[in-house]
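Visitor: This structure is in structure tokens; I'll ask about it shortly.
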Amino acid sequence: MSPRTVARTLAVGRIAIGGALLVAPRAFGRRWIGDAAERQETAVFARALGVRDLVLGLVALHTVDHREVGPRWQRTLAACDLVDLGATVVARGSLPPSAVAGTAVIAGGAVAGELWAAGRLQP
């Protein structure tokens, strides 16, 4: 798979997750943080995170073919995903085990893919 295909695939996934959190914060938030997603206050954060991921995914799609900024954006996205992973690991005692494992796979895989793509999208 080419670096551009990996970057685009991860960006589309980010857009889908962001859109889902924006439209249905409780349903999709529950998969990450469990029953805490049912609270109205938590939905505020889920929607804010959803907008972040939606916009970041769109920027990633827009910049993937720009040799100067594409790699930098891939590294920026990797940093965001690394923070998501780290925050999940820190709070793992309060989260459903399946959510921790799922986040580790999704965010960890995204970090690896984004860093791999960034290194190969270089000018």
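The values are calculated or read from the model by the stated rules, or taken from the named source; none is laboratory data. Everything numeric in this text was worked out from a predicted model, so none of it was measured. All Cβ positions, even for glycine, are placed from backbone atoms using ideal geometry, and neighbour counts span all protein chains on display.
Visitor: On the basis of being charged (D, E, K, R), surrounded by fewer than 18 Cβ atoms within 10 Å (Cβ to Cβ) and closer than 30 Å to residue 2 by Cβ, does residue 14 make the cut? Before you say what the answer is, go through the steps one by one.
Guide: Details: charged (D, E, K, R): yes; surrounded by fewer than 18 Cβ atoms within 10 Å (Cβ to Cβ): no; closer than 30 Å to residue 2 by Cβ: yes.
It is false that residue 14 is charged (D, E, K, R), surrounded by fewer than 18 Cβ atoms within 10 Å (Cβ to Cβ) and closer than 30 Å to residue 2 by Cβ.
Visitor: Would you mind stating whether residue 105 is of a type in the set (Val, Ile, Thr), surrounded by fewer than 15 Cβ atoms within 10 Å (Cβ to Cβ), free of Cβ contacts under 8 Å to residues at least 60 places away in the same chain and closer than 30 Å to residue 2 by Cα? Quick ask: steps written out before the conclusion?
Guide: Details: of a type in the set (Val, Ile, Thr): yes; surrounded by fewer than 15 Cβ atoms within 10 Å (Cβ to Cβ): yes; free of Cβ contacts under 8 Å to residues at least 60 places away in the same chain: yes; closer than 30 Å to residue 2 by Cα: yes.
Judged against the criteria, residue 105 is a match.
Visitor: In the range 44-57, which residues are crowded, with 17+ Cβ neighbours inside 10 Å and either more than 15 Å from residue 24 (Cβ to Cβ) or among the aliphatic types (A, V, I, L, M) (or both)? Steps first, please.
Guide: Initial filter on the range 44-57 (crowded, with 17+ Cβ neighbours inside 10 Å): 46-47, 49-50, 53-54, 56-57.
Within the range 44-57, 46, 49, 54, 56, 57 qualify.
Visitor: So, in the range 1-16, exactly how many residues are under 15 Å from the mean Cα position of the chain (by Cα) and at pLDDT below 95? Spell out the reasoning first.
Guide: Going through the range 1-16, the residues under 15 Å from the mean Cα position of the chain (by Cα) turn out to be 6-16.
Those left that are additionally at pLDDT below 95: none.
The total comes to 0.
Visitor: If we keep just the residues of the range 18-32 that are touching a residue at least 24 places away in the same chain (Cβ under 8 Å) and crowded, with 19+ Cβ neighbours inside 10 Å, which is nearest to residue 76 (Cα to Cα)?
Guide: Here the residue is 18.
Visitor: Residue by residue through the range 2-46, note down the ones that are assigned to a helix (DSSP H, G or I) and basic (Lys, Arg). If you could, list the steps in order and put the result at the bottom.
Guide: Step one: of the range 2-46, the residues assigned to a helix (DSSP H, G or I) are 3-23, 25-38, 40-46.
The answer is 4, 8, 14, 26, 30, 31.
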